[in-house]
Amino acid sequence: MLKNLSKGFPSLINKRSFSTINENPLTRIHHGSRTQTTGLVATVFGATGFTGRYLVQLLARTGIQVVVPYRCEDEGFRDLKVLGELGQIIPVRFDIRDSESIERAISHSNIVINMAGRDYETRNFSLDDINVHAASRIADLSKNVEKYIHVSTLRASEDSPSHFSRSKAIGEKLTREIIPNCTVVRPSIIFGDEDKFINKWSKVSQNWPFIPRYNQQHKIQPLHCYDLASGILSILETPGTSGKVYEFAGDEVFTWDEFLDMIIDGTAQYSKLNIPVSNDFMKFISEHLLERFARNPNFIKDQIDYHNQDMTTTVGALTLKDLNVTTTPIQEKLIRLSRMYRPGKFFNAIANPQNK
């Protein structure tokens, strides 16, 4: 599809001969109108996902032409096309197991960003299929691009009891072996409008008869989805980022207990019981009840294993501060996101424990 388009419309894909991305920042060219261009083309795998759409928006706003590989129906990428000018967002159908379709999606690109990932298994794809095999396949076919960014996860480890964490660590390792000068991004727990963090816990506080408190004193450092996208864009604009590993997280550190207190204030579910439970109990409930009978389980055994540690940046790691990105405090978004889960009498009230 992409090749046919480029033959019929030579100006549709503008590939710049590019020798500056690895060491020098991108140049923004403004033409005094809505239209702006850098002459660069970026392929974003995972663009139709939760965080991918924010990155597509920022890249398009910068003037980069964005190729969006997709495997969904047209409705899955239609909202992305309005994020740029006419012809700036180019959807290309692909199959993650088909090397030819992947090659077609990156054939015109200077930049490849792999945000594709999976934190749970489905009938069609296992964690290894996406986080290991697909990651290495995309990297192998992208060896000749000028800039490659791989999105992993914070605290990924091959020794972790979590399959998700192990698969992410192996995928990152293989990617760096294939492309030594790639840039790796390890984001923390991500929150935003469509997240599985604030929304998940708000639903639990609304629908469950009690709020399970596990991992109570483990620390978390949540990251806003827009800050992740801003950090990746800053990597492209900052010289000397190739071959480095960045850990993306918010500035504020909370314990799980403190976060759940904020959820209760946001949802005004003050009457719910707060019951401390062990990790083993939550894993048993998740594995034998939720994962078997719930269509979209709130808790997955593997994720409980993954979060059984401090989800914070490591000492000495490169972070968003090194890229001059200011992070978004979670309090700015939490009340708005959790408001819909309040009981009716609290819906218009400002969150305050005195209202209970």
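The values are calculated or read from the model by the stated rules, or taken from the named source; none is laboratory data. Remember, it's a predicted structure, so these values are computed and weren't measured experimentally. Don't worry about glycine lacking a Cβ; one is built from the backbone with ideal geometry, like all the others, and counts go over all protein chains shown.
Elements of the type helices (runs of 4 or more DSSP H) sitting completely within the stretch 269-356 and holding at least 2 residues that are touching a Pro at 6+ places or on another chain (Cβ under 9 Å) and at pLDDT 90 or above: these cover 279-285, 301-306. Mind checking whether some residue in the stretch 153-167 is within 17 Å of F45 (Cβ to Cβ), out of contact with any Leu (no Cβ under 7 Å at 6 or more places or on another chain), among the hydroxyl-bearing types (S, T, Y) and assigned to a helix (DSSP H, G or I)? Taking every residue of the stretch 153-167 in turn, none turns out to be within 17 Å of F45 (Cβ to Cβ), out of contact with any Leu (no Cβ under 7 Å at 6 or more places or on another chain), among the hydroxyl-bearing types (S, T, Y) and assigned to a helix (DSSP H, G or I). Checking each residue in the stretch 222-261 for being within 23 Å of H307 (Cβ to Cβ), in contact with a strand residue (DSSP E or B) (Cβ under 6 Å, 6 or more places away or on another chain) and in a loop (DSSP other than H, G, I, E, B) picks out P222, A249, G250, V253.
If only one of E258, E247 is free of Cβ contacts under 8 Å to residues at least 40 places away in the same chain, surrounded by 14 or more Cβ atoms within 10 Å (Cβ to Cβ) and either touching a Phe, Trp or Tyr at 6+ places or on another chain (Cβ under 6 Å) or closer than 25 Å to H218 by Cα (or both), which one is it? None of the others qualify; the one that does is E258. For V82, state whether it is closer than 19 Å to T38 by Cα and either modelled with pLDDT of 95 or more or within 18 Å of the chain's Cα centre (by Cα) (or both). Spelling it out, it is not the case that V82 is closer than 19 Å to T38 by Cα and either modelled with pLDDT of 95 or more or within 18 Å of the chain's Cα centre (by Cα) (or both). Remark: pairs (first residue in the stretch 133-158, free of Cβ contacts under 8 Å to residues at least 24 places away in the same chain and surrounded by fewer than 18 Cβ atoms within 10 Å (Cβ to Cβ); second residue assigned to a helix (DSSP H, G or I) and among the hydrophobic types (A, V, I, L, M, F, W, C); Cβ separation under 7 Å; 6+ apart in sequence or on different chains) = S157/A169; E158/A169; E158/I170.
Find the residue count for the stretch 118-162, including only residues that are in contact with a helix residue (DSSP H, G or I) (Cβ under 6 Å, 6 or more places away or on another chain), under 17 Å from C182 (Cβ atoms) and not aliphatic (A, V, I, L, M). Residues meeting the conditions: 7. If only residues of the stretch 188-221 that are among the charged types (D, E, K, R) and touching a strand residue (DSSP E or B) at 6+ places or on another chain (Cβ under 9 Å) are counted, the one that is farthest from L260 (Cα to Cα) is K196.
The single condition among (1) assigned to a loop (DSSP other than H, G, I, E, B); (2) modelled with pLDDT under 85 that F77 does not meet is (1). The listed residues are I106, I96, and the only one of them that is touching a strand residue (DSSP E or B) at 6+ places or on another chain (Cβ under 8 Å), surrounded by 15 or more Cβ atoms within 10 Å (Cβ to Cβ), of a type in the set (A, V, I, L, M) and within 24 Å of L228 (Cβ to Cβ) turns out to be I106. Given the structure, is N114 within 21 Å of E291 (Cα to Cα) and of a type outside the set (A, V, I, L, M)? When the stated conditions are applied, N114 does not pass them.
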